[in-house]
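Notes for the one structure printed next.
The values are calculated or read from the model by the stated rules, or taken from the named source; none is laboratory data. None of the values given here were measured: they were computed from a predicted structure. Please note: Cβ atoms are built from the backbone with ideal geometry, for glycine as well, and neighbour counts cover all protein chains shown.
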């Protein structure tokens, strides 16, 4: 008899992703998912830019929020974002290839805090997000 | 001869909106824009929901962020968002008709603070955002 | 027999204040407390200023945080702050007479959002705070 | 001729600290300061607790805010906090010996983002803060 082992975090993430029209519509892809950590990629497309030809801050937030969701649900317990804040550090022009890396920095029962960093292909920081999730339980996958 | 009068805030907003593929791709519409205030509408569409059939938090943020952009640029001086935070209060299901109302609460030179409230058709609060913009000058329209 | 009536919010606040060495040590005073709203006063004293002769931002935060605590506990149910953010708008010099007004903007079950505005005697905004509390129950007074 | 070398960051911090009645009144001490990093210590004293015998969140914020100030001014250029947010993770009881470690995570010209972690003697996280400073120039020491 061993400890109960949940499904593989990448399997949980893929099940979530299949149902997530929002992340799909922005062309996001899963790169790596483990408990308390997720890495996603996204390229800035035509319909994501504002009048200044740079990615709308809302889509940077959406990208970071998705990374946080995959990290916080990787243990196969449903969690919801309750609050998040984002600093826009550098603009991301059309065509930029972005990576979002989410890391859980505080896990205390049901309330968790996660940091997400968005970088471009050169490693320049585009935005940093900090978000809070509330674990409500129930399987994800 | 009187004081210099800038273009009508709604005209400025429409010029911004015409170039804003991001806000258009989410089906947002301008309802009302004046200096320090903007009201936008958006309906939760198929491609905006996540696996739980509710609007992805990132699109709620994008909606609020756009409302803030229209409010903060209404005086025809370019302003950029530097930081924003959002509280997710209630889920917005597929088909929900949302309104975002942005109000400038602090204006001190170049640094400004804005509050945005997202409500549904029944007046229920869906999310509240607080954001900061930096005015960098140069005409918008 | 009517509905159960809790203790007067100002009585609850005074009971909290009597045990609150922190708020007392900064010379705060209760001005007005009702459900979802509290007004406090504080003068910037010698030991509150930093090297620039203006009130340390931490004491402005403490002042706002106390106002939020009185507003969120006024219904005689214990609530704790889980997260708060503050914008420092204008400096508060030594001797400034400050007022903090806390208002509950979102109340949905146990998770609540409150806004606090700090102004000086002339009505100038010194800082704005937004904070979140979690109601855990149990009487305050 | 070499590059201009500024004063030692610890010397700059000590000059700031000597003028900082606020940090002194809470019994803070400088542990370590370098460019983009500062470590401070503080013990939870009688006048810092609220009615629940735990450190008032405002003093945790003040502690973190001071650590951020020392990190952001270590290069001997004046910087002011414009906005900060804090997550209260665990309570800090009377007598707890706390450490605040501030690290600059984004430095892009005048706008900088810093993370501060407060831990107790056992290494438990008490609070995490993220703050933004604006460098305005002029020597500190």
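Looking across the range B:61-88, the residues that are more than 9 Å from chain A (Cβ to nearest Cβ) and either surrounded by fewer than 21 Cβ atoms within 10 Å (Cβ to Cβ) or more than 14 Å from residue B:103 (Cα to Cα) (or both) come down to B:75, B:76, B:77, B:79. Of all residues in the range C:101-141, exactly one satisfies the criterion of being part of a loop (DSSP other than H, G, I, E, B), under 17 Å from the mean Cα position of the chain (by Cα) and at pLDDT 90 or above, namely C:120.
For the range C:38-49, taking the residues that are in contact with a strand residue (DSSP E or B) (Cβ under 7 Å, 6 or more places away or on another chain) and within 13 Å of chain D (Cβ to nearest Cβ), the one that is surrounded by the fewest Cβ atoms within 10 Å (Cβ to Cβ) is identified as C:49.
Each row is one residue, and each column tells you yes or no for (1) closer than 19 Å to residue C:55 by Cβ; (2) in contact with a helix residue (DSSP H, G or I) (Cβ under 6 Å, 6 or more places away or on another chain); (3) in a helix (DSSP H, G or I); (4) at the interface with another protein chain (Cβ under 10 Å from one of its Cβ atoms).
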| site | (1), (2), (3), (4) |
| --- | --- |
| D:12 | no, no, yes, no |
| D:15 | no, no, yes, yes |
| D:30 | no, yes, no, no |
| D:51 | no, yes, no, yes |
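The condition (being at pLDDT below 90, touching a strand residue (DSSP E or B) at 6+ places or on another chain (Cβ under 9 Å) and closer than 29 Å to residue A:87 by Cβ) is satisfied by just one residue among C:79, C:67, C:84: C:79. Across the range D:78-94, the number of residues qualifying as within 18 Å of residue C:54 (Cβ to Cβ) and more than 15 Å from the chain's Cα centre (by Cα) comes to 0. Test residue C:95 against the stated conditions and say whether it is touching a residue at least 60 places away in the same chain (Cβ under 8 Å) and away from chain D (no Cβ under 12 Å). In short, no. Report yes if residue C:105 is more than 30 Å from residue D:17 (Cβ to Cβ), without any contact (Cβ under 8 Å) to a residue 40 or more places away in the chain and either in contact with a strand residue (DSSP E or B) (Cβ under 6 Å, 6 or more places away or on another chain) or crowded, with 20+ Cβ neighbours inside 10 Å (or both), otherwise no. Spelling it out, residue C:105 is indeed more than 30 Å from residue D:17 (Cβ to Cβ), without any contact (Cβ under 8 Å) to a residue 40 or more places away in the chain and either in contact with a strand residue (DSSP E or B) (Cβ under 6 Å, 6 or more places away or on another chain) or crowded, with 20+ Cβ neighbours inside 10 Å (or both). Kindly indicate the residue of the range A:16-37 that is out of contact with any strand residue (DSSP E or B) (no Cβ under 8 Å at 6 or more places or on another chain) and free of Cβ contacts under 8 Å to residues at least 40 places away in the same chain and also surrounded by the most Cβ atoms within 10 Å (Cβ to Cβ) among those meeting that condition. Filtering first and then ranking leaves A:25.
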